[in-house]
């Protein structure tokens, strides 16, 4: 702006007699830039400038020396995703922006980047109809779901419960990570609040209709312990299905608790199709085995007793037949003896 020994004209702004100091001004010799700002610059005008200051709430774009406008973080993108101004903007960057408001008296102007493009939400139902399938990019993970961007300014949330039909994730990071691509379907559109409800598991048929026949209450299956805590264990059944076993129901025959990655035989004790929940028990399986063993022993003992009874009965029958036969033989001998004695009695009577 200046060089040594240069002669310039200035305006006296202040005089401090005590400090022997005079305050001078150079810019005051010229009209303020806002006073001579092009009158054609008004609301809806498009201006161009460079970033001269960045704050948490937005960035200031200088369109002329001394004339700046604020680009608030809410005016950066049509997306509902929060914008970090310090990451998005860089000092010296050039941008085009649309004038949202302008107050020449207050020398203030608000600008927008997103309004340079058409609001994508104005035609959301046509571009992203209900139940349509799309590929999006994972932009953010929260404890309750995954935010997926389908296109610039359009995104939605996949709730953690809509990631899989069969698995219960403790956190979405177990399923995906930021930057990955994911297929989703549109479950609901809230145009007023600019929100999409997305689903991932809905791209496949609900397998629980079939599981109800595969895992009925009382059926036995092999299961692998995936996780365990003080409440119980999450176990994996066939077909990748997960079930819960309360802590007392994963005790083994030696009274120890099943460890992670250990495989057990379990019995289905509850199947809830609506809540997508299955309760299983290794303890009930052991009880059934013991009961079956006891019944088998009882059946064997009953069978032995029955065999003894049949043998005794058979022997008694044989004895009875023998005795009866002997009695019949004696009766025949007696009858023959009596017949032989009868003629002798007749002869004696004649004499």
For segment 101-129, give me the residue count where each residue is in contact (Cβ under 8 Å) with a residue 60 or more places away in the chain, in contact with a strand residue (DSSP E or B) (Cβ under 7 Å, 6 or more places away or on another chain) and closer than 18 Å to residue 194 by Cα. 3
Strands (runs of 3 or more DSSP E) enclosed by segment 1-55 - at least 3 residues per element that are more than 30 Å from residue 85 (Cα to Cα): 11-16, 21-25
Give the residue that is nearest to residue 282 (Cα to Cα), with candidates limited to residues of segment 212-226 that are in contact (Cβ under 8 Å) with a residue 60 or more places away in the chain and not in a strand (DSSP E or B). 215
In segment 81-100, the residues that are at negative phi, in contact with a strand residue (DSSP E or B) (Cβ under 7 Å, 6 or more places away or on another chain) and not in a strand (DSSP E or B): 81, 85, 86, 89, 90, 91, 93
State whether one or more residues within segment 237-250 are at pLDDT below 85, out of contact with any strand residue (DSSP E or B) (no Cβ under 7 Å at 6 or more places or on another chain) and part of a helix (DSSP H, G or I). yes
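The values are calculated or read from the model by the stated rules, or taken from the named source; none is laboratory data. Predicted, not measured: the structure shown is a model, and the values here were computed from it. Cβ: placed from backbone, ideal geometry, glycine included. Neighbour counts: every protein chain shown.
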